[in-house]
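S.K.: This is the structure, below, for whatever I ask next.
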Amino acid sequence: MTDNLRFFLSRFAKLTEEELDAFVAIFTPISINKLDHLFLENDLVAHIYFINDGIMRGYYNKENTEITTNFFFGPTLITDLIAVRGNSPTQMNVQALKHSNCMVAKFSDLDILIDKYSNIESIFFKFLEHLYLFGVMRQHSFIFDTPQERYIKLFGERPKVIAEIPQRYVSSYLGIKPETLSRIKKRIFKDL
């Protein structure tokens, strides 16, 4: 698992062996069974998680409806930064869609490393920049694209979502009803 974590970090900045060892040392392996949660709405989140392998779904509850906001495929890092930094209960739920091997670290331990090693701070700046751009592009898509255009973009940009995620979650992620997604797929594939 630590090899995947090291590889993941290398995508954002070059770390020395000392920095890599220090980063890996704050993490502890955990296993999450299918349909179990990393955290639930109203939990206090004080950790950061590395998803080594598996798939997680981020969602919110609104008026007894689950609204899917993202899918996380390993290897990646995940937390609710708003809850961590605000020291407030999370509104997010993160659920395993298949058995997932993860690692967990206290965010306070990560903060200590960030203060000590500027390269680790650089990794998180670049990672947060990546997340910010993803969020803005998704927001633009909801403003400017039709549901069919959103589906086509998802198909092109994140084919693993289409291939591995149940349709009810995909439709929620796209902001449409499952029957609307079925009609969109029929329309698209009828033309091929």
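The values are calculated or read from the model by the stated rules, or taken from the named source; none is laboratory data. This is a predicted model, so every value here is computed, not measured. In this analysis, Cβ positions are derived from the backbone assuming ideal geometry, glycine residues included, and neighbour counts consider all displayed protein chains. What goes into the accessible areas is simple: the full protein's heavy atoms, side chains included, and nothing from ligands, DNA or RNA. Shrake-Rupley method; radii C 1.70, N 1.55, O 1.52, S 1.80 Å.
S.K.: Could you check region 137-179 and list, in sequence order, the residues that are under 19 Å from Phe189 (Cβ atoms) and aliphatic (A, V, I, L, M)?
M.R.: Correct list: Ile152, Leu154, Val161, Ile162, Ala163, Ile165, Val170, Leu174, Ile176.
S.K.: Quick one: which of Phe125, Phe142 is modelled with pLDDT of 95 or more and open to solvent by 50 Å² or more (accessible area, probe 1.4 Å)? Steps first, answer last, please.
M.R.: Numbers: Phe125 fails: modelled with pLDDT of 95 or more.
Result of the check over Phe125, Phe142: Phe142.
S.K.: Moving to a separate point now. Residue by residue through region 156-187, note down the ones that are part of a helix (DSSP H, G or I), open to solvent by less than 30 Å² (accessible area, probe 1.4 Å), over 23 Å from Asp80 (Cβ atoms) and touching a residue at least 24 places away in the same chain (Cβ under 8 Å).
M.R.: Selection gives Leu181, Ile184.
S.K.: On to the next question. Can Ala22 be described as open to solvent by less than 70 Å² (accessible area, probe 1.4 Å), part of a loop (DSSP other than H, G, I, E, B) and in contact (Cβ under 8 Å) with a residue 24 or more places away in the chain? So that I can check it myself, show each step before the final result.
M.R.: Values: open to solvent by less than 70 Å² (accessible area, probe 1.4 Å): yes; part of a loop (DSSP other than H, G, I, E, B): no; in contact (Cβ under 8 Å) with a residue 24 or more places away in the chain: yes.
No; evaluated as a whole, the condition is false for this residue.
S.K.: What number of residues in region 85-112 are within 17 Å of Phe27 (Cα to Cα) and surrounded by fewer than 20 Cβ atoms within 10 Å (Cβ to Cβ)? Working first, answer last.
M.R.: Keep residues of region 85-112 that are within 17 Å of Phe27 (Cα to Cα), which gives 100-112.
Then drop every residue that is not surrounded by fewer than 20 Cβ atoms within 10 Å (Cβ to Cβ), which leaves 101, 104, 106-109, 111-112.
Matching residues across region 85-112 total 8.
S.K.: Exactly one of these conditions fails for Lys153: (1) surrounded by 16 or more Cβ atoms within 10 Å (Cβ to Cβ); (2) within 29 Å of Leu9 (Cα to Cα); (3) touching an Asp or Glu at 6+ places or on another chain (Cβ under 9 Å). Give me its number.
M.R.: (1)
S.K.: What residue, of Ile48, Ile30, is more than 16 Å from the chain's Cα centre (by Cα), aliphatic (A, V, I, L, M), modelled with pLDDT of 95 or more and closer than 18 Å to Asn101 by Cα? Before you say what the answer is, go through the steps one by one.
M.R.: Working: Ile48 fails: more than 16 Å from the chain's Cα centre (by Cα).
Within the list Ile48, Ile30, the selection yields Ile30.
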